[in-house]
Amino acid sequence: MATVHLRIGDLVWGKLGRYPPWPGKIVSPPKDLKKPRGKKCHFVKFFGTEDHAWIKVEQLKPYHAHKEEMIKINKGKRFQQAVDSVEDFLKKAKGKEQNSDGKGDSKGKKTSNKPLKILEEDDEDLSALKDPSEKDLTDSDPEPSTIERLGAGPGSGFKWESSPVKDDPHFHHFLLSQSEKPASSMEPISKRLKIIEEDTGSTSIQAADSTAINGSITPTDKRIGFLGLGLMGSGIVSNLLKMGHVVTVWNRTAEKCDLFIQEGARLGRTPAEVASMCDITFSCVSDPKAARDLVLGPSGVLQGIRPGKCYVEMSTVDPETITELSQVITSRGGRFLEAPVAGSQQLSNDGMLVILAAGDRTVYEDCSSCFQAMGKTSFFLGEAGNAARMMLILNMVQGSFMATIAEGLTLAQATGQSQQTFLDILCQGQMASTFVDQKCQNILQGNFKPDYYLKHIQKDLRLAISMGDMANHPTPMAAAANEVYKRAKALDQSDNDISAVYRAYIH
C-alpha cells in the first residue's frame, strides 16, 4: 500500500466541513497561530480566496492525482477560477525553475545537493513548488503526515470523512479572511491574523466556515420565506434565487415583489402565511418597531409559527427586541436565530455580506446554504442578543468614522486645502480602504444615492448609545456623531446615503 507524504509547498485538494473539495497549498502557519490539538493536520492556503484553514490529513488529497476527478464533480464559477489560479501558479513556478536553472549554468552558481523527494502517486514532484521564503518543517510547523491510498487510479482509494468538523471537540478550524491589501494568492499568511477564542461565560464566539471558498452551492431542500425587500433584502433574495433556493417573498409594498416573482419566487399574502408555508422564514426590516410589528402584529409571523418552524431575524435592532422575539417564537415551539448583516446594498447584491448569527445553533446550521448564497463569511456568536450587540458596535464605529471623514473634508475646504488632495493622501496612508475612497468620491461628486440609509445609521448610533448607558459604559464619540446625523436628518437627508452626513457641515 503506497503512502503519500505531504509537506509544506505541496498542492492539495482540501475538504472542510460541508464545503466541496477546494484546491490549495500547504503553507507555514503564522508563528503565533497554535496548531490544533488532536488529529494530524496541515495549514492550507486556498486558491482563489484569501482563506486559510487547518485541515485534517484525512481530508487532503494530492492535487495532480485527483484534478480530473474534482473538476468533474465541481462546476461552479468560483471553483473554476480557483483551478485557473492553480494553473497560473504552476506556469509561473515552472518558468522560475527554468530561469533559475539557466542562471545557475551560465554563472556557475552552486546548486543544492539536497535530493528532491519524488511522490509515487503524482506525475510531478510537488515539493519543487515550495516557495523559497518557506522553511523546511520544524517543531513549529505542521507535523509530517501521511494519507493511506487504497487504489491505483486517481479517482479511487480515497474517501472523504463525512463527519462535520464540529463533531471533533479538539479540532478547531479557522478561515482567516484578509480585508486589507490582498496578497498574491501564494504569499505567506500575515502575522496579524488571530484565532478568535474568548471565554466569556455563556458567550461562545467561533469563526464559521467562510463561504468564500464555496464555488458550487447545494441549496437546502427546505422552503425559504423572506419578509422585507428593502436595500439589503432585495439583494439577499436575488442571490438565494440564483443559487437555486425555493423562496416565498412578502413585502409591505407589494409591488416590490413583482421582480422576484418573475425570477421564480413565490408570493406570500401575509407574514403569517409565509411563516406557515415555509420551513425557515427570514426577515430584514428597518428598525425595532417594524421587527416587532412583523411578528406580533395582525397576520404577523407569530400566527404562522408551529413547532419546528424557524424564524431568522436579520434586522439590525437592539438586544431587548431580539430577546422578546426569541421568547415569543420559542413559546410557540418555533426555533429562533438572529442574523444581522454587515455590509451595504452593493455587497448585498454581490453576495458578499458578513453575517453575524446568534441563538439556536441548529437553525444556524440549517441556514448554511442560504448564508453561503448571501455572504462571504458568517460568525456564530452564542446566545440570542449577542449578534445584535456586536452589530450595533460595528455600526457605531462605522457611523462615527463616516462623520469624522466628512468633518475632515469640510475642514480641508474651510482652510483652503484641496479636498481631492486630502482624499489622495488619505488613500495612500494607513486608513486607505474601498469604503473611504468610494464614500469620499461620492461626496466630491455630490452623489448621495443610498447604499446604506443615513436614517438607519443614525438609528444604530442611538441604539448603541443606549446599550452603552445600560452597561454603564461611556460612548462620547458616538454621541457626538449621533448629533451630526440628527442635524443631517433635519436637513432632509434621511433617505440619502450615510455619506450625506457631509451636508450637516456645510449648511
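The values are calculated or read from the model by the stated rules, or taken from the named source; none is laboratory data. No experiment lies behind these values; they were computed from the predicted model shown. Positions of Cβ are generated from backbone atoms using ideal geometry, with glycine treated the same way; all protein chains shown enter the neighbour counts. Calculation scope for accessible area: heavy atoms of the full protein, side chains included, ligands and nucleic acids excluded. Shrake-Rupley method; radii C 1.70, N 1.55, O 1.52, S 1.80 Å.
The criterion of being within 21 Å of residue 322 (Cβ to Cβ) and surrounded by 21 or more Cβ atoms within 10 Å (Cβ to Cβ) holds for residue 396. Note on the stretch 242-260: residues that are at pLDDT 95 or above and either open to solvent by less than 40 Å² (accessible area, probe 1.4 Å) or of a type in the set (A, V, I, L, M) (or both) total 8.
Scanning the stretch 282-304 for residues that are in contact (Cβ under 8 Å) with a residue 40 or more places away in the chain, part of a loop (DSSP other than H, G, I, E, B) and hydroxyl-bearing (Ser, Thr, Tyr) yields a single hit, 286. Number of residues in the stretch 314-336 that are under 18 Å from the mean Cα position of the chain (by Cα) and either under 16 Å from residue 363 (Cα atoms) or among the small types (Gly, Ala, Ser) (or both) equals 2.
If the condition is being assigned to a loop (DSSP other than H, G, I, E, B) and within 14 Å of residue 228 (Cα to Cα), then the stretch 305-319 contributes 314, 315, 316. Just wondering, is there one or more residues in the stretch 264-278 that are modelled with pLDDT of 95 or more, open to solvent by 30 Å² or more (accessible area, probe 1.4 Å) and assigned to a strand (DSSP E or B)? So far as the stretch 264-278 goes, yes, one or more of its residues are modelled with pLDDT of 95 or more, open to solvent by 30 Å² or more (accessible area, probe 1.4 Å) and assigned to a strand (DSSP E or B). On the stretch given as the stretch 492-507, residues that are within 21 Å of residue 408 (Cα to Cα), surrounded by fewer than 15 Cβ atoms within 10 Å (Cβ to Cβ) and free of Cβ contacts under 8 Å to residues at least 60 places away in the same chain total 1. Just one of the listed residues (72, 94, 61) is in the same structural domain as residue 16 (by the TED database), modelled with pLDDT of 60 or more and open to solvent by 100 Å² or more (accessible area, probe 1.4 Å), namely 72. Taking residues in the stretch 409-429 that are open to solvent by less than 30 Å² (accessible area, probe 1.4 Å), and partners anywhere that are of a type in the set (D, E, K, R), the pairs with Cβ atoms closer than 8 Å and at least 6 places apart or on different chains are 423/437.
Applying a threshold of 8 Å to beta carbon distances and a minimum spacing of six or more residues, or different chains, the list of pairs starting in the stretch 52-63 at a residue that is over 11 Å from residue 40 (Cα atoms) and ending at one that is part of a strand (DSSP E or B) and charged (D, E, K, R) reads 52/45. Contact map, the stretch 374-394: first residue among the acidic types (Asp, Glu), second residue surrounded by fewer than 20 Cβ atoms within 10 Å (Cβ to Cβ) and in a loop (DSSP other than H, G, I, E, B), Cβ cut-off under 6 Å, separation 6 or more or different chains; pairs are 383/202. When the stretch 373-426 is limited to residues that are under 21 Å from residue 442 (Cα atoms) and of a type in the set (Asp, Glu), the one that is farthest from the chain's Cα centre (by Cα) turns out to be 407.
Filtered by the rule that a residue be under 23 Å from the mean Cα position of the chain (by Cα), assigned to a helix (DSSP H, G or I) and more than 15 Å from residue 294 (Cβ to Cβ), the stretch 233-256 gives 234, 235, 236, 237, 238, 239, 240, 241, 242. Could you list all residues from the stretch 302-329 that are touching a strand residue (DSSP E or B) at 6+ places or on another chain (Cβ under 6 Å) and of a type in the set (Val, Ile, Thr)? Within the stretch 302-329, 312, 322, 329 meet the criteria. Of all residues in the stretch 334-378, those satisfying the criterion of being open to solvent by 50 Å² or more (accessible area, probe 1.4 Å) and part of a strand (DSSP E or B) are 335, 376. Residue 466 - would you say it is within 26 Å of the chain's Cα centre (by Cα), under 28 Å from residue 388 (Cα atoms) and assigned by the TED database to the domain that holds residue 394? No, not satisfied.
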